[in-house]
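The structure under discussion appears below in the form of structure tokens.
The values are calculated or read from the model by the stated rules, or taken from the named source; none is laboratory data. In this text the structure is predicted, and so the values were computed from the model without any measurement. Here the Cβ is made from the backbone with ideal geometry for all residues, glycine too, and neighbour counts use every protein chain on show. Accessible surface areas use protein heavy atoms only, side chains included; no ligands, DNA or RNA. Shrake-Rupley method; radii C 1.70, N 1.55, O 1.52, S 1.80 Å.
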Amino acid sequence: MTLINQCSRLLARSNLRNLSTRFALPKSGPKVRYNYGAVGLLGAAVFSMGAALVDGQISADELELGHAHMHWEFNELFKSYDHKALRRGFQVYKEVCQACHSMQYLYWRMHVDVTHDVDTMKEYAAEYQYPDIDDDGNSIMRAGDIQDFMPAPYENEIKARLANNGALPPDLSLITIAREGGSDYLFALLNGYEELPAGAAEPAEGQAFNPYFHGYYIGMAQQIYNESVDYEDGTIPYASQIAKDVCEYLAWTSNPYMDESKLYGMKAIASITLFGAAMYVLMRVKRNHMRVRQLAFAVPGKEKSISANGNVSTLSKYKQVDEMLDRASRK
């Protein structure tokens, strides 16, 4: 509104004669006088009014609180995942998250030598039944193996929505790279549940208020509290510690080969550096005499004239040789 008022005052104080411009049509037609300055100011006022009305509208995508940036060591160049945290994060997922969320792109065997040993992962996989076919072609259910995918909590999407008041729990195997903000957003979301503020609309059945979620109302109740998980290694299970561990585990599930990629990258950089240094030494020492040598072509009997000009440039030597060759050919 301030811009509109300023435009109105400027229109009132301006001299319309100075702002006017005369545009003459052909002699047979009438002459028209256009006030371009007044029209421009009026257009600016209308545009600013429209912008003010648009700014007054609120989109549901804007209803979220910005998350803070956390210091995750595995994002540094020469750092890797904390494998103790990955083991604790796997425990949090298995005891808290697996009841609703799937890991359909992750095998049991991928945890071997990362969070647990082979025998432990075989025991975890054997706790679940997988459909299979016997030697006669009949459908059977067998115990799981480390070569199987991690099982989903629901048979299909319809049953998942019916069990969660219409909300579909997302798959967590790629959740870190699928959400803007990655681990920072997930950590803020898991720790961001608050009481419903005064004046806010009541959430629907099965929803909770979380300012870090798009639209504030999320279909998942708060799952992480202090001492909600009893860690096997004796770590104090604060809510922030639990959220940190499961976020690091979810970062690993989204990029399980990051440690190997960094290791290969460091090996490649070291190899290129050594190769480049060796090539530099080879070119400067071993092949230096080849790079700086000069070839002079002398006409028989004129060698002394070429050697006498040894202090001149190579181009002048070649030019002199060409002239000698030309004179010799003419004779």
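Quick notes on this one:
- In the stretch 114-130, the qualifying residues are those that are out of contact with any Asp or Glu (no Cβ under 8 Å at 6 or more places or on another chain) and of a type in the set (A, V, I, L, M), and the one that is most open to solvent (accessible area, probe 1.4 Å) is 118.
- Answer residue from the stretch 188-222, given it is within 26 Å of the chain's Cα centre (by Cα) and polar (S, T, N, Q) and is surrounded by the fewest Cβ atoms within 10 Å (Cβ to Cβ) among those: 191
- Residue list for the stretch 223-240, restricted to those being in contact (Cβ under 8 Å) with a residue 24 or more places away in the chain and either aromatic (Phe, Trp, Tyr) or surrounded by 11 or more Cβ atoms within 10 Å (Cβ to Cβ) (or both): 223, 224, 228, 229, 231, 235, 239, 240
- Residue check, residue 299 open to solvent by less than 80 Å² (accessible area, probe 1.4 Å) and modelled with pLDDT under 65: yes
- Failed condition for residue 138, given (1) among the polar types (S, T, N, Q); (2) surrounded by 11 or more Cβ atoms within 10 Å (Cβ to Cβ); (3) without any contact (Cβ under 8 Å) to a residue 60 or more places away in the chain: (2)
- Of the residues screened, residue 45 is one that is buried (at least 17 other Cβ atoms within 10 Å of the Cβ), aliphatic (A, V, I, L, M), at pLDDT below 90 and in a helix (DSSP H, G or I).
Listed here are the residues, each with its yes/no results for (1) surrounded by 17 or more Cβ atoms within 10 Å (Cβ to Cβ); (2) in a strand (DSSP E or B).
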| site | (1), (2) |
| --- | --- |
| 84 | no, no |
| 89 | yes, no |
| 101 | yes, no |
| 132 | no, yes |
| 155 | no, no |
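- In the stretch 160-187, the residues that are in a helix (DSSP H, G or I), open to solvent by less than 40 Å² (accessible area, probe 1.4 Å) and not acidic (Asp, Glu): 160, 175, 176, 182, 183, 185, 186, 187
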